[in-house]
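The values are calculated or read from the model by the stated rules, or taken from the named source; none is laboratory data. Predicted model only: the values in this text are computed from it and were never measured. When we count neighbours, we look across all protein chains shown, and the Cβ atoms used for this are built from the backbone with ideal geometry, even at glycine.
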Amino acid sequence: MAKQENIRNFSIIAHIDHGKSTLADRLLETCGAVAQRQMSDQLLDNMDLERERGITIKARAVRLTYRAQDGEDYELNLIDTPGHVDFNYEVSRSLAACEGAVLVVDSTQGVEAQTLANTYLAMEHDLEILPVFNKIDLPAADPARAKQEVEDIIGLPALDAPEISAKMGINIDAVLEDIVKNVPPPTGDPEAPLKALIFDSQYDSYRGVIVYMRLMEGSVRPGQQVKMMASGAVYQVVECGHLLPLGMEPCERLSAGEVGYFTASIKNVKDTRVGDTVTDAASPTAEALPGYRPVQPMVYCGIYTEDGSKYPDLRDALEKLQLNDASLSFEPESSVALGFGFRCGFLGMLHMEVIQERLEREFDLDLVTTLPSVIYHVYKTDGTMVAVDNPHNYPDPATIERAEEPYVKVNIIAPNEFVGNIMPMCQDRRGEFKDMQYLDTNLVELHYQMPLNEIIYDFFDALKANTKGYASLDYELSGYRPSELVKVDMKLNGEAVDALSFIAHRDKAYPRARRLCEKLKENIPRQLFEIPVQAAIGGRVIARETVKAMRKDVLAKCYGGDITRKKKLLEKQKEGKKKMRSLGTVQIPTEAFLAVLKLDE
Ligand SMILES: Nc1nc2c(ncn2[C@@H]2O[C@H](COP(=O)(O)OP(=O)(O)OP(=O)(O)O)[C@@H](O)[C@H]2O)c(=O)[nH]1
């Protein structure tokens, strides 16, 4: 076990593609952790989906041993962080487990959006930030200019920072020396009562939940009774140890300053929430670590299987995913159009998409999902309140006294040149401007109160697009406010399709209904009869389109006689047919649902 002064806990932060994962691999390799040929390309991102989407969904940690130039052996704990606003809370807990952050800057690009956003996050946690300038092997590299940018824009000393090529393995030692010299060692009394921060956990079918933690004070050993302070769960530790690149290494004891794991035959990650404090059950620490936040699903949608008989498979799959993902919630619901399914709660849209993709890929399910929604509070004239997370349950307007929708406190940080783009965007989404602060001459922080409903769908993407990616976004629920809500029903051939109805603010209902009608028209294949597509509030139709009758001839565009191409098109049509869903008299392809889901794109 390393002495506390020889431990360094850090994470790597960077703008996308600046070389974070490549540097992580190189650090692992330099520390002799992994022989090159054993290394699958990027070890830290270990879920397929993560790799494909180029994002890191779950935080992971790894311990490296480095013999520094001073002759001492150091224990370096690298904690990986996810990179999307949906997972901001997980990022904040991972950073809270570190004392320093290596900031990778691509020398051909200089400071970019996430360079700034991530640096700001790291600063909030008082981390020592060490810039390194990557990709110096490229002819376009201009590390001097990139350094100047870091000094001018971020205000970090950078002139003497390492210039490296993570890809070619140039100057990697300089990064390691920098970490050893400049990241402060952890402090914390190993003899005090146990106080450890959970920054991640993972379900393993043999050992139960593996809890990843950073020990702040005290120590943990097998046999010890530990308590999670927020969930109240008490368990006996079965095993504790370090997280090595190629697996876990059990040890006798972990103590203050270290990063490691423990197992305790825990059946469900619900007991080991990210951000919770682990303490000794017999002699607990006086106070939990600050910053714990219970999980709060922000977005709900209904998930159904295309083939209704797969409902039990869907339930099993959701249960399995939930074992590993405490932020996923679900309960059974049913729809006239779609049959039996589940109402699921997510942290945000990306989280929702990731879960949907995992269900389809890992569990081989074909899904139909309904429009996502937030939770509305509807107060009825009889004095009761209904929490509505599904438009289907929206009470009859005649019985409604008032309705409220969730608002969030939005915090946007961006260079001041983009303020002119950001403000109209927020106003357009019913945002209420609170204040604006200059963080330095160039950087501003804007505060808004906004309806959650307006930001969950596409606000993050729109914000990025309007600020060349430079803005960062953070939001938290601030409460409920009265709102003029309406429920809009979508009707196909005169029949309401419950899975497509939605709740919206009165001002937004019309444009949304119109776009939805258009999208449906585009995506519903022509059939043998004409189909009116209507949107209605109560009995009043507010938008209408028509899908003309006619069978779509997929071969029409196929001139010439290439039979294989024709076959392919016919195959495709057959495939399409299989995916149709019969809604009353109308067949809707799954893609139509997906297309309307992405309405705002
Ligand atoms: N020429 C050159 N290319 C590099 C270097 N470091 C990384 N790259 C390349 O840059 C691309 C992005 O590198 P990653 O390590 O995946 O970047 P990242 O910051 O982890 O990106 P995300 O995981 O998407 O956030 C890859 O194609 C790397 O091969 C370098 O030093 N030189």
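Would you confirm whether any residue within the stretch 416-427 is surrounded by fewer than 16 Cβ atoms within 10 Å (Cβ to Cβ) and in a strand (DSSP E or B)? Checked the stretch 416-427: no residue is surrounded by fewer than 16 Cβ atoms within 10 Å (Cβ to Cβ) and in a strand (DSSP E or B). Starting from residues that are of a type in the set (D, E), more than 10 Å from the ligand (Cβ to nearest atom) and not in a helix (DSSP H, G or I), keep the ones in the stretch 122-143 and report whichever is surrounded by the fewest Cβ atoms within 10 Å (Cβ to Cβ). If we take residues in the stretch 122-143 being of a type in the set (D, E), more than 10 Å from the ligand (Cβ to nearest atom) and not in a helix (DSSP H, G or I), then D126 is surrounded by the fewest Cβ atoms within 10 Å (Cβ to Cβ).
Among the residues making up the stretch 321-341, those that are assigned to a strand (DSSP E or B) and closer than 13 Å to E306 by Cα are S335, G339, F340, G341. If you go through the stretch 333-356 and keep only what is in contact (Cβ under 8 Å) with a residue 12 or more places away in the chain and more than 20 Å from the chain's Cα centre (by Cα), you end up with E333, S335, V336, A337, L338, G339, F340, G341, F342. Being among the hydrophobic types (A, V, I, L, M, F, W, C) and not in a loop (DSSP other than H, G, I, E, B) is the requirement here; does L318 meet it? It is true that L318 is among the hydrophobic types (A, V, I, L, M, F, W, C) and not in a loop (DSSP other than H, G, I, E, B). Note on the stretch 189-273: no enclosed strands (runs of 3 or more DSSP E) hold 3 or more residues that are of a type in the set (K, R) and more than 30 Å from F330 (Cβ to Cβ). Can G208 be described as over 27 Å from the mean Cα position of the chain (by Cα), under 25 Å from D80 (Cα atoms) and either aliphatic (A, V, I, L, M) or not assigned by the TED database to the domain that holds T81 (or both)? Judged against the criteria, G208 is not a match.
May I ask you to list the residues in the stretch 157-169 that are buried (at least 17 other Cβ atoms within 10 Å of the Cβ) and within 8 Å of the ligand (Cβ to nearest atom)? Within the stretch 157-169, I164, S165, A166 meet the criteria. Of all the criteria given as (1) in the same structural domain as V388 (by the TED database); (2) surrounded by 19 or more Cβ atoms within 10 Å (Cβ to Cβ); (3) in contact with a strand residue (DSSP E or B) (Cβ under 7 Å, 6 or more places away or on another chain); (4) not aliphatic (A, V, I, L, M), the one not satisfied by F502 is (1).
Across the stretch 343-369, what is the number of residues that are of a type in the set (K, R) and within 13 Å of R315 (Cα to Cα)? Of the residues in the stretch 343-369, 1 are of a type in the set (K, R) and within 13 Å of R315 (Cα to Cα).
Comparison of G83, G54 shows that the only residue that is modelled with pLDDT under 90 and touching a Ser or Thr at 6+ places or on another chain (Cβ under 6 Å) is G83. The set of residues in the stretch 6-44 that are within 7 Å of the ligand (Cβ to nearest atom) and either at pLDDT below 50 or of a type in the set (V, I, T) (or both) comprises I16, T22, Q42. The condition of being out of contact with any Pro (no Cβ under 8 Å at 6 or more places or on another chain), assigned by the TED database to the domain that holds L78 and closer than 26 Å to Q69 by Cβ holds for only one of A140, A144, A174, A161, that being A144.
Residues checked against (1) in a strand (DSSP E or B); (2) at positive phi; (3) surrounded by fewer than 22 Cβ atoms within 10 Å (Cβ to Cβ):
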{"site": "K464", "(1), (2), (3)": "no, no, yes"}
{"site": "K468", "(1), (2), (3)": "no, yes, yes"}
{"site": "S478", "(1), (2), (3)": "yes, no, yes"}
{"site": "K487", "(1), (2), (3)": "yes, no, no"}
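One line per residue, one yes/no per condition, for (1) surrounded by fewer than 22 Cβ atoms within 10 Å (Cβ to Cβ); (2) within 16 Å of the ligand (Cβ to nearest atom); (3) over 28 Å from the mean Cα position of the chain (by Cα); (4) at pLDDT below 95:
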| residue | (1), (2), (3), (4) |
| --- | --- |
| E90 | no, yes, no, yes |
| E112 | yes, yes, no, yes |
| Y120 | yes, no, no, yes |
| G155 | yes, no, yes, yes |
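Scan the stretch 226-272 for residues that are acidic (D, E) and farther than 26 Å from E319 by Cα and jot them down. The answer is E249, E252, E258.
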